[in-house]
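What follows is one structure encoded as structure tokens, with my remarks underneath.
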Amino acid sequence: MLRLFRYLTKKDLLIVLIVATLVVVSVFLDLRIPEYMSEITRLVQTEESTMESILIAGGHMVLCAFASLACTITVGFFTSLLAATFSKTMRRKIFEKVESFGINEIKKFKTSSLITRTTNDVTQIEMLLAMGLQLLIKSPVMAIWALTKILGKSTELSLVTGVGVIIIVVTNLTIISIVSPRFQIIQTLTDKLNGVTRENILGIRVVYAFNAEKFMGKRFGKVNDKLSDTHLTITKTFALFDPIMNFVMHFQHLGIYVVGAMLIIKSGMMDKITMFSNMVVFSSYGIQVIFSFLMLTMIFMILPRARVSAKRINEVLDEEPSIKSGNFKGDTNEKGTVEFRNVSFKYPDADEYLLKNISFKAEKGETVAFIGSTGSGKSTLINLVPRLYDATLGEVFVDGVNVKDYDLHELNNRIGYISQTAFMFTGSVYDNVSYGDNGKEKPSMDKVKEAIKIAQGKDFVEKMDKDYKAHIARGGTNVSGGQKQRLSIARAIAREPEIYIFDDSFSALDYQTDAKLREELKKHMKDSTSLIVAQRIGTIMNADKIIVLDKGECVGVGTHQELLKTCDVYKEIALSQLSEEELQNA
């Protein structure tokens, strides 16, 4: 857990120092009050005492109380400031770390868990700093200081206080050993609860369509009940603290007075006043000692869960991304080329290769298409170009340079990527199309309009309220699938990249729109290289080169007409979509 605090800044450490100093001053002032009480007790029972001396001692006691209050308020302000700024820093660190993750790391931690670690886990650390820092410093200082004040004054009264302390320590250790493992369970169940909730919300249409509300309710209830039961177990265990503490506090108080009374009875006349004064001091300091252990109890309620959360946060921050940026930036000898040399790929947890010994080269201005049955590895293959994954064997080159050598920003600036699932971000149409940093000036409104026109989105965008400034909801839930695809294509066009990657990006378009879009793209991208994954023969039949994949292997390379003659897999796919006459006339 201490490793997490390596992210404290110099300003944060200064605040910790100020808090520690003020806490020590506050403890000193709190422990002076019993001494003034003892002095007042002695003065009251001494005949030579004056009212003035009693009032002066009482005034000092009041000043100590108000000074301690001022210190406590100041400490509360600084601990709240420290907790808020540190949690802000941690959320930013986690977010930035997740931004550097590849797909493998995202799958390893899972989205729901990363959300929990960024929010709930950071909140536990914030609570520890806001509530626990003051107590963590104050309770041991007060306990040790109070004990030094009373030890040596009376062995009998010291033993009474010591017995109370031993009972509290044993109780604390026992209860913490019971609840500590359950805090890890709570955070894990919180991950699952987030996962089930997120899955239900994202798939709400399917849930409704299949009348699966009760089924999803049972799934949620199962996780929710486990989480509630674990919380109840911890809460019931911690509930034992309060009665035990009250029992120890009151019986210690009673014990001090009983033992003190017995000692006073046995004492001589001159020692009775001193013994009575010591009994008052012991009573006050004994309460301070018990109170300091009560504060430790509150820390023990916060600390175990914060420790678990810190471990989970450190797991994210310590994770080394599998996709590491290279150093290459600048000009290359080639422009717009993509080459695969003996590339094979398998997922980290898989036993078999998904892609096997793939080799081809796309020259500048060429359109290279990939087709094959579902699961043949088409999308995986093109995802190796922008390094969403890295090839297990072999090499991938862009503009003659191995993609692993590129600075990731430099590599991505050369590519316009349209993913298989079109995703829109919260904002306007303009914000979504001009999204990202391409190493150039942000696309102007005119360039955005031109990109949308090429992508065949002008008609529906200009019919929207505020047209190019129209609001797009998160995930594009207020536009259709075909409209999202066209806006995604426009987003890539606006970047003006050397290489376009279309990952089944025309599937939601009707044939007429598909044909018009490909015609416009051909005019606009004549100097750019295009890699297209598609299921429709009509989308790719005019490509300069078609690569046919079957079970991860390349079983055919050529033009549409060449493959009809030489590749049975391609011909089978083509005939499943078009008649033989249509294929020959294409």
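None of the figures in this text is laboratory data; all of them are computed from the coordinates on show. From a predicted model like this one, the values you see are computed outputs, not experimental measurements. All Cβ positions, glycine included, derive from the backbone under ideal geometry; neighbour counts span all protein chains shown.
Each of the peptides 380-387, 562-569 was scored by the mean count of other Cβ atoms within 10 Å over its residues; in descending order, highest first, they stand as 380-387, 562-569.
Restricting attention to the stretch 210-349, lysine pairs at least eight places apart or on different chains and with alpha-carbon atoms under 25 angstrom apart total 9. Taking Cα centre as origin and charging only the Cβ of basic (Lys, Arg, +1) and acidic (Asp, Glu, -1) residues, the dipole magnitude of the stretch 423-496 rounds to 120 debye.
In this simple spin-label approximation, residue 209 and residue 444 carry label points 7 Å from Cα along the Cα→Cβ vector, and these lie 4.4 nm apart.
In a reduced charge model with +1 at each Lys and Arg Cβ and -1 at each Asp and Glu Cβ, the stretch 2-318 shows a dipole moment near 1840 debye about its Cα centre. May I ask you to list the residues of the stretch 349-366 whose amide nitrogen lies under 20 Å from a point 7 Å from Cα along the Cα→beta-carbon direction of residue 108? Residues passing the 20 Å test: 349-352. If the segment from residue 169 to residue 520 were pulled out straight at 0.36 nm per residue, it would be longer than the present Cα-Cα gap by 118.6 nm. Simple rule: put +1 on each Lys or Arg Cβ and -1 on each Asp or Glu Cβ in the chain, find the dipole, and look at 19, 309, 487; the Cα lying farthest toward the positive end is 19.
May I ask for the percentage of alpha-carbon pairs in the stretch 423-496 that lie more than 18 Å from each other?
On the way: 695 of 2701 pairs.
Result for the distance tail: 26 percent.
Between the C-alpha center of the stretch 331-365 and that of the stretch 192-222 there is a gap of 39 Å.
When peptides 435-445, 137-147 are ranked by their average number of other Cβ atoms within 10 Å per residue, the highest-first order is 137-147, 435-445. About its Cα centre, the dipole of the chain is roughly 940 debye, where the only charges are +1 on Lys and Arg Cβ and -1 on Asp and Glu Cβ.
Helix 10-44 and the long axis of the chain differ in direction by around 20°, with both axes built from C-alpha atoms.
Loop-located GluC sites (Glu not before Pro) in the stretch 315-370 (DSSP state other than H, G, I, E, B) with a sparse environment of at most 11 neighbouring Cβ atoms within 10 Å: 352. With R₀ set to 25 Å, the beta-carbon distance separating residue 407 from residue 527 gives a calculated FRET efficiency near 0.60. Modelled label positions at residue 353 and residue 257, each set 7 Å beyond Cα in the direction of Cβ, lie 8.6 nm from each other.
May I ask for the net charge around residue 396, where only other residues with Cβ less than 12 Å from the Cβ of residue 396 are counted and Lys, Arg are +1 while Asp, Glu are -1?
Working: positive: 341, 361, 387, 404; negative: 339, 390, 395, 399, 405.
Charge balance in the 12 Å sphere: -1.
P(r) tail, the chain: Cα-Cα pairs separated by more than 48 Å, 39% of all pairs. At a Förster radius of 56 Å, what calculated FRET efficiency corresponds to the Cβ-Cβ distance of residue 250 and residue 13, to the nearest 0.05? Rounded to the nearest 0.05, the efficiency is 0.85. Between the alpha-carbon centers of the stretch 164-185 and the stretch 453-530, tell me the distance in whole angstrom. So the two Cα centres are separated by 61 Å.
Our estimate of slack between residue 100 and residue 311, defined as 0.36 nm per intervening residue step minus the Cα-Cα distance, is 74.0 nm. Selection among 34, 376, 132 by position relative to the dipole of the chain gives 34 as farthest towards the positive end (Cβ unit charges, Cα centre).
Taking K and R as +1 and D and E as -1, what net charge do the other residues with C-beta under 11 Å from the C-beta of residue 384 add up to?
Working: positive: 387, 404; negative: 390, 395.
Summing Lys and Arg as +1 and Asp and Glu as -1 gives 0.
For the stretch 1-91, GluC sites (Glu not before Pro) are listed when DSSP marks them as loop and at most 16 other Cβ atoms sit within 10 Å of their Cβ; the list is 47, 48.
The stretch 1-53 and the stretch 383-421 have Cα centres separated by 62 Å. Angle of helix 51-100 to the longest C-alpha principal axis of the chain, folded into 0 to 90 degrees and rounded to 10: 10°. Considering only 211, 223, 194, the residue lying farthest towards the positive end of the dipole of the stretch 177-254 is 211, judged by Cα position with unit charges set on Cβ.
Helix 241-266 and the longest principal axis of the Cα set of the chain meet at an angle near 20°.
Applying 1/(1 + (r/R0)^6) with r as the Cβ-Cβ distance of residue 55 and residue 242 and R0 = 35 angstrom yields a FRET efficiency of 0.35. Relative to the current alpha-carbon distance between residue 231 and residue 177, full extension at 0.36 nm per residue lengthens the span by 17.9 nm.
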